[in-house]
Number of protein chains: 2
Amino acid sequence: MIAKAAIITIGDELLIGQVVDTNSAFIAQELNAIGIEVAYRIAVGDNKPAITNALDQAIETVQVVCITGGLGPTADDITKPLMCQYFGGKMIVNEQVLQHVKNIFQKLNRPLLDVNLKQAEVPDCCQVLFNQRGTAPGMLFKKANTHFFCMPGVPHEMKGLMQEAVIPFLIKEYADGFVMHETILTAGLGESFLAEQIKDIEANLPITIKLAYLPNYGLVRLRLTSTGAKEKEVEIKTNLLHYKNLIVERLKENVVALKDIGMAEVVGKLLVEKNKTVATAESCTAGNIAYSLCLIPGASEYFLGAVVAYSYEAKQNILGVQQQTLLKQGAVSEACVIEMLKGAIAVNNTDYGIAVSGIMGPGGGLPDKPVGTVWIAVGSATKQSTQLVQFRFDRLKNIELTTQYALNNLRKFILEENSN
Amino acid sequence: MIAKAAIITIGDELLIGQVVDTNSAFIAQELNAIGIEVAYRIAVGDNKPAITNALDQAIETVQVVCITGGLGPTADDITKPLMCQYFGGKMIVNEQVLQHVKNIFQKLNRPLLDVNLKQAEVPDCCQVLFNQRGTAPGMLFKKANTHFFCMPGVPHEMKGLMQEAVIPFLIKEYADGFVMHETILTAGLGESFLAEQIKDIEANLPITIKLAYLPNYGLVRLRLTSTGAKEKEVEIKTNLLHYKNLIVERLKENVVALKDIGMAEVVGKLLVEKNKTVATAESCTAGNIAYSLCLIPGASEYFLGAVVAYSYEAKQNILGVQQQTLLKQGAVSEACVIEMLKGAIAVNNTDYGIAVSGIMGPGGGLPDKPVGTVWIAVGSATKQSTQLVQFRFDRLKNIELTTQYALNNLRKFILEENSN
């Protein structure tokens, strides 16, 4: 049997929308990777009846519960005393945690407050999960057949506890089933067109394999999922890869990658493989293309620099765009992005470049260049490829789409150049 | 009575952690703004029993349910037929939606597939919420005293439907209570130190006012919340503002803003107010400071450009950093960030600049400059202020923290310069 899990995130801020919950996605990934299926995720406020209900519901339906939030030192954090009462314990001081809290404050050279000392108190009915990244300890409770893991809501503290305490514990306890995913990253076709192209393959998928379409900023991920008993792992894997290959062969050049990575990582790997470098010249994307490339560790191997040139002055001074081009054809023009591209390659001395210029909105639209008009150029000092696109979304989405299109265009340019 | 709401997000991708759910936060914000309190959020898979359970649970506890996801045209999208069955209807073609789908495909010059035509089918027991941004229509169902709003999971389509259909409907139906939030943005003090400073104020808060501490990348938001009946709005508001002012007076220079905005927006407003411009020179943050500034609509008024200089070459060629500085003191040094700052101001011809250089990890650490070492410079052509910081997190968090610190340093520099 595959163990099932629930994720409970606690905090009023989740219910008023003040923060976006990224913890749940991380926890879900980690659990899935070791074969534990997440049945549901629920977010509740810092509110006793709501938290208690969520715990009651979890006991009835799942074997693993990951809980985050409400462990801080301030008065709105009620998770710890509530868990203590729910599992019938009393609060005691944990000496290891106390010493750890004292050390942290000594290192920071800050006075230790009473409220910080309270972080060292834990229910006597739990197993403490030591949190080396912060002052709030993690806790493990058990009731009936369900394990409850309490972690702080601070993302890097939660991640540390998941990787160092929760996952190792769960592997020991529940490593008898597994979930397997295979992902295909595609570009250039919408969800329904992809579905039409692989209709017959999808119709013939065995019942044990699920196919999902995950569209995101001009890309669509196709995800095949299979679950099963540990002893059938080889068989299930072979089967899953068989159907993955059928889809990949059918979709041909729309396939960008055979695993769940982003477009920036695909381009980064290609550059490393070809031993080439890149620079960007950006106007409307404001550095987002450079930032996307640099988020990948090791990016400094192939990414050398970017120029974000919002003003005419910066376009001329740094990138060497001709004044005539700006005055006659405007900053949002094919001629301008080609000059920007050549400028970025020249000042950074790279093999390739990406240049974009456009109008992202909400203001700034012109009669012949409405909001969403973007010119994209990719290429080398001697050869360029350009594209005019017209997006029709809000500022943030237009920027993200431009970033994905530009990276994909460079990917295609490099592949074509190398196929000739 | 204040209407209570639940948010149900549907999709296997939410349970394996492949995507981060940003829809829930947006929906929660919109509901809160019109006085509807979100009781909980739940995410379930594309799975009939799980969705049905979530609907059953919602009927018993809330009056408003916002549902997203599973309305796409592919086989894994089961929400529409399930809702049809749950509310006891049958599927019929909606002529307005059909025409709209045909128009979209004509405009895109793409063939219309059977699967797309199915988007025009809706349960006869729902009110159609017209979705002008996509092919999947929104739907409104009613059962007992609960309204169910079904929306696509694509963020900009969901947002459009919320603002144009859901919120106007709810205002008519439930505008008898309200929730009020007041937020104070602080920098420079951790959660527990803030709590210690305002301990007495917090202890004396009336029971109707809740105070929450929301830490995020070096900043802490303090949020005061009050709920009540519509007719007591003035009284509640006065009371909330009274306690907000007490806290603001106590925390003095740690207060960055009196509303829920980000640091980039605070800096942007300050630049507009002083009629000044800024440029950035970034190494380790890879354009993230520029990008943060540019996400604010209207940023082109004060943001003129950025140079992301990863290589020595770019630092020298574009920013005019001296080769001697790089060789003797290294790229991560006070001398280098000052030269980068001056270079950014010169090539972009701005009043102010921000420059950062550091080692974000995971690789690249040196014995005397470990991962997380960052030099930050802010200032003008004639006067600069620098700071050496040592972060100890992962790449992404180090980049975000550097961005917040750098923006806050510029904010303080501008305020100080103007107070002299």
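The values are calculated or read from the model by the stated rules, or taken from the named source; none is laboratory data. Not measured: the values here are computed from a predicted model. In this analysis, Cβ positions are derived from the backbone assuming ideal geometry, glycine residues included, and neighbour counts consider all displayed protein chains. Heavy atoms of the whole protein, side chains included, go into the accessibility calculation; ligands, DNA and RNA do not. Shrake-Rupley method; radii C 1.70, N 1.55, O 1.52, S 1.80 Å.
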Review point. Right, A:Leu194: in contact with a Ser or Thr (Cβ under 7 Å, 6 or more places away or on another chain), in contact (Cβ under 8 Å) with a residue 40 or more places away in the chain and farther than 16 Å from A:Asn32 by Cα or not?
Key: yes
Practice item. Look through the stretch A:352-363, keep the residues that are within 12 Å of chain B (Cβ to nearest Cβ) and closer than 18 Å to A:Ala309 by Cβ, and return whichever of them is farthest from the chain's Cα centre (by Cα). Key: A:Ile359
Review point. Do we find that B:Leu205 is open to solvent by less than 70 Å² (accessible area, probe 1.4 Å), over 25 Å from A:Ile78 (Cβ atoms) and either in a helix (DSSP H, G or I) or not charged (D, E, K, R) (or both) in this structure?
Key: no
Review point. Out of all the residues in the stretch B:412-420, is one or more under 22 Å from B:Gly343 (Cα atoms) and either touching a residue at least 40 places away in the same chain (Cβ under 8 Å) or among the β-branched types (Val, Ile, Thr) (or both)?
Key: yes
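A quick yes/no check of all residues on (1) assigned to a strand (DSSP E or B); (2) facing another protein chain (nearest Cβ under 10 Å); (3) free of Cβ contacts under 8 Å to residues at least 12 places away in the same chain; (4) over 27 Å from the mean Cα position of the chain (by Cα):
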| position | (1), (2), (3), (4) |
| --- | --- |
| B:Ile289 | no, yes, no, no |
| B:Ser292 | no, yes, no, no |
| B:Pro297 | no, yes, yes, no |
| B:Leu304 | yes, yes, no, no |
| B:Leu319 | no, yes, no, yes |
| B:Val332 | no, no, no, yes |
| B:Gly365 | no, no, yes, yes |
| B:Ile376 | yes, no, no, no |
| B:Leu388 | yes, no, no, yes |
Check your understanding: Does any residue of the stretch B:148-162 turn out to be closer than 23 Å to B:Val234 by Cβ and modelled with pLDDT under 90?
Key -> no
Check your understanding: Given A:Leu304, A:Leu251, A:Leu258, which one is of a type outside the set (S, T, N, Q), more than 27 Å from B:Gln316 (Cα to Cα) and touching an Asp or Glu at 6+ places or on another chain (Cβ under 9 Å)?
Key -> A:Leu258
Practice item. Tell me which residues, restricted to the stretch A:1-32, are more than 9 Å from chain B (Cβ to nearest Cβ) and either at positive phi or open to solvent by 30 Å² or more (accessible area, probe 1.4 Å) (or both). Key: A:Met1, A:Ile2, A:Lys4
Review point. Could you say whether any residue in the stretch B:341-351 is facing another protein chain (nearest Cβ under 10 Å), modelled with pLDDT of 90 or more and outside any helix (DSSP H, G or I)?
Key: yes
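Among the listed residues B:Ala331, B:Ala257, identify the single one that is more than 30 Å from B:Leu211 (Cβ to Cβ), crowded, with 17+ Cβ neighbours inside 10 Å and not aromatic (Phe, Trp, Tyr).
Numbers: B:Ala257 fails: more than 30 Å from B:Leu211 (Cβ to Cβ).
Matching residue, one of B:Ala331, B:Ala257: B:Ala331.
Of everything in the stretch B:199-224 that's of a type in the set (A, V, I, L, M) and touching a Leu at 6+ places or on another chain (Cβ under 7 Å), which residue is modelled with the highest pLDDT?
Step by step, filter the stretch B:199-224, then rank; the result is B:Ile201.
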Practice item. Keeping to the stretch A:334-353, report how many residues are in contact with a Phe, Trp or Tyr (Cβ under 6 Å, 6 or more places away or on another chain) and crowded, with 18+ Cβ neighbours inside 10 Å. Key: 1
Revision key, fill the gap. Considering the stretch A:208-251, residues that are under 26 Å from the mean Cα position of the chain (by Cα), more than 13 Å from chain B (Cβ to nearest Cβ) and of a type in the set (D, E, K, R), and then whichever is surrounded by the most Cβ atoms within 10 Å (Cβ to Cβ), we arrive at A:Lys244
Exercise for review: Could you please give the count of residues in the stretch B:260-287 that are open to solvent by less than 20 Å² (accessible area, probe 1.4 Å), in contact with a Leu (Cβ under 8 Å, 6 or more places away or on another chain) and among the hydroxyl-bearing types (Ser, Thr, Tyr)?
Suggested key: 1
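Mind counting the residues in the stretch B:374-413 that are of a type in the set (Val, Ile, Thr) and surrounded by fewer than 22 Cβ atoms within 10 Å (Cβ to Cβ)?
Here is the first cut: in the stretch B:374-413, the residues of a type in the set (Val, Ile, Thr) are B:374, B:376, B:378, B:382, B:386, B:389, B:399, B:402-403.
Adding the requirement that they be surrounded by fewer than 22 Cβ atoms within 10 Å (Cβ to Cβ) leaves B:382, B:386, B:389.
Total satisfying the criteria: 3.
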Practice item. Any chance you could count how many residues in the stretch A:34-53 are open to solvent by 30 Å² or more (accessible area, probe 1.4 Å), part of a helix (DSSP H, G or I) and within 9 Å of another protein chain (Cβ to nearest Cβ)? Key: 1
Revision key, fill the gap. Inside the stretch B:54-68, the number of residues satisfying the requirement of being open to solvent by 10 Å² or more (accessible area, probe 1.4 Å), touching a residue at least 24 places away in the same chain (Cβ under 8 Å) and within 20 Å of B:Cys125 (Cα to Cα) is 2
Point to revise | Among (1) crowded, with 19+ Cβ neighbours inside 10 Å; (2) modelled with pLDDT under 95; (3) touching a helix residue (DSSP H, G or I) at 6+ places or on another chain (Cβ under 8 Å); (4) outside any loop (DSSP other than H, G, I, E, B), the one test that B:Met360 misses | key: (4)
Check your understanding: Between a first residue in the stretch B:253-278 that is over 14 Å from B:Lys412 (Cα atoms) and a second residue that is assigned to a strand (DSSP E or B) and of a type in the set (S, T, N, Q), which pairs have beta carbons less than 6 Å apart while being 6 or more apart in sequence or on different chains?
Key -> B:Lys259/B:Thr183; B:Asp260/B:Thr183
Review point. What are the residues in the stretch B:167-198 that are modelled with pLDDT of 90 or more, crowded, with 18+ Cβ neighbours inside 10 Å, over 21 Å from the mean Cα position of the chain (by Cα) and away from every other protein chain (no Cβ under 14 Å), if any?
Key: B:Leu170
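Each row is one residue, and each column tells you yes or no for (1) at pLDDT 95 or above; (2) within 30 Å of A:Glu233 (Cβ to Cβ).
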{"site": "A:Glu37", "(1), (2)": "no, yes"}
{"site": "A:Ala43", "(1), (2)": "yes, no"}
{"site": "A:Val65", "(1), (2)": "yes, yes"}
{"site": "A:Thr68", "(1), (2)": "yes, no"}
